[in-house]
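What follows is a short report on a single structure.
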Amino acid sequence: MGAGVSALAADAQRGFPLRPGLDDVPESCISSIFMCLDPPEICKLASLNRAFRGASLADFVWETKLPSNYRYLVKKVLGQSPETLSKKETYARLCCPNRFDGGSKEVWLDKHSGKLCLAVSAKALKITGIDDRRYWNHIPTEESRFQTVAYLQQIWWFEVVGELDFEFPPGAYSLFFRLQLGKSSKRFGRRVCTLDQVHGWNIKPVRFQLSTSNGQQAASECYLYEPGNWVHYHVGDFVIENSNSPAKIKFSMMQIDCTHTKGGLCVDSVLIYPSEFRLRLK
């Protein structure tokens, strides 16, 4: 190693140029490379030197990572004008879970891909009998991103309906209900789940439905399963082709066979993920 350093010093004294290093790479070239990398990779490389850091701040780099409807998201979710934020700051803030519509909904970007994900709380859903304490209660829990879930004690007519008006970037999306049979809590620091009120879900399946304002429809049926565990029940998929206007999405789940009661169910939220993320929810 010492000989190598001596050779470099000798070359410099003779007027020969030193071998180029990272500091010699033009910032514009680095920015062009960054456009092909994922955001976490860009942030790691930004710490190499001043040129890499400067390239990592370029607006045109981060604009390629943002969804096409980022201006709509900044206005609706962050409540700001897009022009007041740099593109990197816009990306960073949209990757954090952001509440809107009175805190009843939450949206965020996947930090690796910039894909949009959305959650709708149980309090934003129309639940038959929700105001009657004989049937339903809202209970606090750390197991929900909204810190509360709707708990069904017992009912004859089970129906949950939701509606969403939102501008999604183009792509394919999957919609899920996040449910749990049983009521979980902590006892002496350990998670326990009470199942004594769980009944009626093995007699008839629950029907899930989805429709969009442009005529797309999906439906599925299944028995609720895995007592004591949160399960994502896939309702169906829909495709957004144009992000210039909000899409209206309606979704529901019901079990309205009144020959028997059902109970012991926690309704947490409805999730909308890019269809390519479906495996993450299993």
**Study point:** Carbon and sulfur %, accessible surface of segment 27-96 computed with the full protein complex present, 1.4 Å
**Key:** 56
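Would you mind getting the accessible area per residue of segment 173-282, heavy atoms of the protein chains only, 1.4 Å probe, in Å²? Please report the intermediate quantities before stating the final value.
Values: 5550 Å² over 110 residues.
Averaged over the residues of segment 173-282, the accessible area is 50 Å².
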Practice item. On a C-alpha basis, how far is the centre of segment 206-248 from the centre of segment 100-139 in Å? Whole number, if you could? Key: 15
Check your understanding: Using a Förster distance of 45 Å, how high is the FRET efficiency between Y225 and T64, based on the Cβ-Cβ distance and rounded to 0.05?
Key -> 0.60
Exercise for review: For segment 176-282, state which GluC sites (Glu not before Pro) are in a DSSP loop and have at most 10 other beta carbons lying within 10 Å of their beta carbon.
Suggested key: E241
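What is the percent carbon and sulfur in the accessible area of segment 116-280, measuring with a 1.4 Å probe over the protein chains and ignoring ligands?
Details: 3880 of 8050 Å².
Of the solvent-accessible surface of segment 116-280, carbon and sulfur hold 48 percent.
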Revision key, fill the gap. Once all protein chains are kept in place, K248 shows an accessible area at probe 1.4 Å, nearest 10 Å², of 80
Point to revise | Reachable lysines, given that their alpha-carbon falls under 20 Å from the alpha-carbon of K126 and they are not under 8 places away in the same chain | key: K105, K248, K250, K262
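Work out how much length N214 to I256 would gain on full extension: take 0.36 nm times their residue separation and subtract the Cα-Cα distance, in nm to one decimal.
Numbers: separation 42, 0.36 × 42 = 15.12 nm, distance 2.76 nm.
Working it through step by step, the gained length comes to 12.4 nm.
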Check your understanding: Could you give the length gained on full extension between I139 and R207, defined as 0.36 nm per residue of separation minus the Cα-Cα distance, in nm?
Key -> 22.0 nm
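Please list, by residue number, every one of the chymotrypsin sites (Phe, Trp or Tyr not before Pro) in segment 183-263 that is coil in DSSP and has at most 13 other beta-carbon atoms within 10 Å.
F188, Y223, Y225
The values are calculated or read from the model by the stated rules, or taken from the named source; none is laboratory data. Values in this document were obtained by computation on a predicted structure and should not be read as measured data. In this analysis, Cβ positions are derived from the backbone assuming ideal geometry, glycine residues included, and neighbour counts consider all displayed protein chains. Heads up: the accessible areas ignore ligands, DNA and RNA and are worked out on the full protein's heavy atoms, side chains in. Shrake-Rupley method; radii C 1.70, N 1.55, O 1.52, S 1.80 Å.
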